[in-house]
Amino acid sequence: MSRLRVLARYVAARRRSFADRAALEAWQDRLLARVLRRAPQRYAHYADLFPDGPPRSLTDLPVLEKEDVLTHFAGLNRRGVGLEECLLAARSAERGRDFGTSLRGLSVGLSSGTSGRQTAFLTSGAERDRWAGEVLARALSDGLLAGARITLVLRAGGPLYEAVGSRRIAFTYADLALPVPELLQRVRDSRPTVLVAPPSVLVLLARAEREGEVDAGWRADLARVLSAAEVLEPHDAETIEAGLGVRADQVYQAAEGFLGLSCARGTLHLAEDLVLVEREAVPGAADGRFVPVVTDLVRSSQAVLRRRLGDVLVPGTCDCGDPRLAIARVVGRSDDVLELPVVTADVTDPGGRGSSAEGAAGRGLFFPDFVRAAVLAVDGVTDFRVVQDGDDLTLAVAPPQAFAPARDALAAALGEAGLRPASITATPLVPHDPRSKLRRVRRVPPTGAPDAR
């Protein structure tokens with residue numbers, strides 16, 4: 001990694017601004033024209049699709065699902081590296097906790113696998129420099145010269161963070177594979193000014209603070225908390241702010257790349273200067289929620305062109321002046337929306353719960369945020385998990401004695417939406433493993449669909 005390149009990317013990102021939406025879209029158009037022109041030259045998959053010349057517009061490209069990316073993995077990267085080769089290298093690195101793995105000049109990373117089959121992603125040195133510069137520009141409100149101690153709690157670390165460090169910027173990496181008490185103590189010992197961690201880890205820290213289990217002196221200089229790797233749910237954000245004394249902002253990132261970060265006012269904005277986002281509306285939802293289809297405008301080692309993500313986003317507003325799209329909520333994965341039998345012939349949904357949105361025939365959708373609202377409205381409930389398998393739901397709550405009222409509240413909310421599961425049964429709440437993404441609402445794939453690996 002080149003510190004000079006990181007600095008150059010940081011400066012460029014800090015200087016980049018757009019007077020309005022039209023200026024942003026003109027910027028996107030210029031970058032997109034280059035992406036389309038070069039796609040058949042760089043990637044075998046698009047060379048096969050466009051033998052007579054490059055595509056003329058974005059819509060000439062097919063939308064790629066997760067399975068398409070897995071099937072055509074070698075044709076979607078510049079080195080022709082195969083998926084299995086990448087997975088073997090990345091999994092070996094994870095087991096050995098050595099994250100300097102590279103193949104044919106590209107670094108290999110491993111996705112979390114929460115959407116089904118696990119996949120890998122590839123990045124070049126220049127792209128990692130860009131990532132570091134762009135994120136630092138957005139995350140450090142006072143700039144590089146003010147200095148920062150940044151602690152990152154991540155599943156995978158490596159030379160990226162160590163190489164960026166300087167006299168003014170110090171990075172500490174806390175490995176999620178550590179036992180939880182040791183992990184939390186490593187965070188405290190680093191005395192961060194900026195803390196980046198999954199919300200499940202931030203909640204553990206916040207609860208320990210509120211219960212007076214540790215000396216609070218470690219967070220005397222804590223100025224910014226960034227939630228990453230999992231969906232930041234509103235009740236978790238409240239817990240984090242109450243315990244740590246700092247608002248929980250968000251880094252929105254996936255295997256497809258860096259997708260957004262909260263502004264100084266706490267609103268998540270998509271990084272539309274780096275990625276073009278097409279919005280696929282969720283039918284029947286009153287709040288404008290959509291599934292994003294993303295095209296990376298700057299990445300070249302691996303094609304990210306019209307990839308449909310598994311997330312559901314709710315657009316919002318922000319008066320910070322940034323014309324990049326504001327996001328009110330990242331609801332969760334679209335494949336974790338509950339899909340249940342409709343029990344009335346005429347279902348309306350003025351509240352936007354999504355039950356009037358058609359799933360399979362005779363079935364309706366119920367989004368994770370409405371599951372959360374129903375269960376956490378029950379007095380005393382501090383955490384929960386809901387899993388759908390077929391038409392049956394299992395519900396785990398903490399404390400377990402709150403199961404009956406939580407079950408009744410969830411059944412009532414589903415009933416109001418015109419939906420009825422075959423059953424809602426109790427299951428123990430298994431403690432969350434910090435090394436994996438926290439999914440409070442999950443739908444098990446039907447028989448024959450790919451299993452999580």
Notebook entry, point to check: Restricting attention to region 185-205, which residues are more than 19 Å from ARG155 (Cα to Cα) and either crowded, with 24+ Cβ neighbours inside 10 Å or among the β-branched types (Val, Ile, Thr) (or both)?
Noted result: THR193
Notebook entry, point to check: Scanning region 235-257 for residues that are open to solvent by less than 30 Å² (accessible area, probe 1.4 Å) and part of a loop (DSSP other than H, G, I, E, B), which turns out nearest to LEU176 (Cα to Cα)?
Noted result: ALA255
Notebook entry, point to check: Among all residue pairs at least 6 apart or on different chains, which show Cβ distances below 7 Å where the first residue, located in region 412-430, is more than 13 Å from VAL371 (Cα to Cα) and the second is crowded, with 19+ Cβ neighbours inside 10 Å and among the hydroxyl-bearing types (Ser, Thr, Tyr)?
Noted result: GLY418/SER355
Margin query: I'm checking my understanding of the structure. Among residues of region 17-34 that are in contact with an Asp or Glu (Cβ under 8 Å, 6 or more places away or on another chain) and under 18 Å from ASP296 (Cβ atoms), which one is most open to solvent (accessible area, probe 1.4 Å)?
Written below: TRP27
Next item on the list: Check whether at least one residue in region 223-234 is part of a strand (DSSP E or B), open to solvent by less than 30 Å² (accessible area, probe 1.4 Å), without any contact (Cβ under 8 Å) to a residue 60 or more places away in the chain and within 22 Å of LEU110 (Cα to Cα), and report yes or no.
Entry: yes
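Quick one: which residue in VAL35, VAL69, VAL6, VAL11 is among the aliphatic types (A, V, I, L, M), farther than 24 Å from LEU106 by Cβ and in a helix (DSSP H, G or I)? Give the derivation first.
Details: VAL35 fails: farther than 24 Å from LEU106 by Cβ; VAL69 fails: farther than 24 Å from LEU106 by Cβ; VAL6 fails: farther than 24 Å from LEU106 by Cβ.
Within the list VAL35, VAL69, VAL6, VAL11, the selection yields VAL11.
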Next item on the list: Determine which single condition ARG439 fails, assuming it passes every other condition in (1) within 19 Å of ASP369 (Cβ to Cβ); (2) at pLDDT 90 or above; (3) surrounded by 16 or more Cβ atoms within 10 Å (Cβ to Cβ).
Entry: (2)
Item checked: Candidate set from region 316-333 (those that are open to solvent by 40 Å² or more (accessible area, probe 1.4 Å) and within 16 Å of the chain's Cα centre (by Cα)); member that is nearest to ALA229 (Cα to Cα) -> ARG333
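The values are calculated or read from the model by the stated rules, or taken from the named source; none is laboratory data. What you are looking at is a predicted structure, and each value in this text was computed from that prediction instead of being measured. Cβ coordinates were reconstructed from backbone atoms using ideal geometry, including for glycine residues, and neighbour counts include every protein chain displayed. Only protein heavy atoms, including side chains, enter the accessible area calculation; ligands, DNA and RNA are left aside. Shrake-Rupley method; radii C 1.70, N 1.55, O 1.52, S 1.80 Å.
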